[in-house]
Amino acid sequence: MNDPQPLSAVDPSAYDAVVFPGGHGTVWDVNQDHHARAALRTAVAGEDSVALVVCHAVGLLAFTRDADGEFLVDGRSITGFPDAWETGIVDDAEQLPDGRKLPYWTEREVVAAGADFDAKLDADTSVTVDGDLITARGPPSSAAAAETLLAELDS
């Protein structure tokens, strides 16, 4: 944490896990970044690695393809920031309170890429594990997501 490096300078196969925290900012930078997609693809394809993707960063799954060119999320069970929550944040023009236009809605994009999306809106937290991919709904689920990641790394 004291010596951050750009994803372009990092070999994701050298790590046991990759973690993509969320927030609206990821829809403009991380989710569209080809280095982030490569890191996620490497972690999920690896035998001994796992990926944790939280909140809006789950949108990264809508843009990441596996080695065969298929959407990485196709057929996988995931959770993430739900459209139902987004409607309470953006206005009718799909602008955030700071005036930026939301370029896409996370849930809609991952579902279009083939995900089985369930935000478990009736639960306090939502974390989903599908093989080597862990997803979490949003900030209230972050602690549970971290605990799940640690348990997966211990197994």
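Taking each residue as 0.36 nm, the span from residue 101 to residue 1 lengthens on full extension beyond its C-alpha to C-alpha distance by 32.9 nm.
Here's the picture: a label point sits 7 Å out from the Cα of residue 155 along the beta-carbon direction, and within the range 32-66 the residues with their amide nitrogen under 14 Å of it are 48-52.
Fewest-first ordering of 34, 56 by other beta carbons within 10 Å of each residue's beta carbon gives 34, 56. Couplings 3J(HN,Hα) for the range 94-108, derived from phi with the Karplus relation 6.51 cos²θ - 1.76 cosθ + 1.60 (θ = phi - 60°), are 6, 9, 6, x, 8, x, 6, 7, 5, x, 6, 9, 3, 4, 4 Hz, where x marks Gly and Pro.
Pick the calculated semi-axes √(5λ) of the Cα gyration tensor in Å for this structure from [x] 26, 21, 14; [y] 24, 18, 16; [z] 26, 17, 15? Here semi-axes √(5λ) of the Cα gyration tensor in Å agrees with entry [y].
Summing Lys and Arg as +1 and Asp and Glu as -1 over all other residues whose Cβ lies under 14 Å from the Cβ of residue 69 gives a net charge of -1. Each peptide among 108-120, 62-74, 128-140 gets the average number of other Cβ atoms lying within 10 Å of its residues, and from highest to lowest they stand as 128-140, 108-120, 62-74.
May I ask which residue of 106, 141, 126 lies farthest towards the positive end of the charge dipole of the range 89-155, with charges of +1 (Lys, Arg) and -1 (Asp, Glu) on Cβ and the Cα centre as origin? Farthest towards the positive end: 106. Each Cα pair under 8 Å and six or more residues apart adds its separation to the average, and for the chain the resulting relative contact order is 24 percent.
Readers should treat all values here as calculations from the given coordinates under stated rules, not as data from a laboratory. Note that the structure is a prediction, hence the values are computed from the model and not measured. Cβ sites come from the backbone with ideal geometry, for glycine too, and all protein chains shown count toward neighbours.
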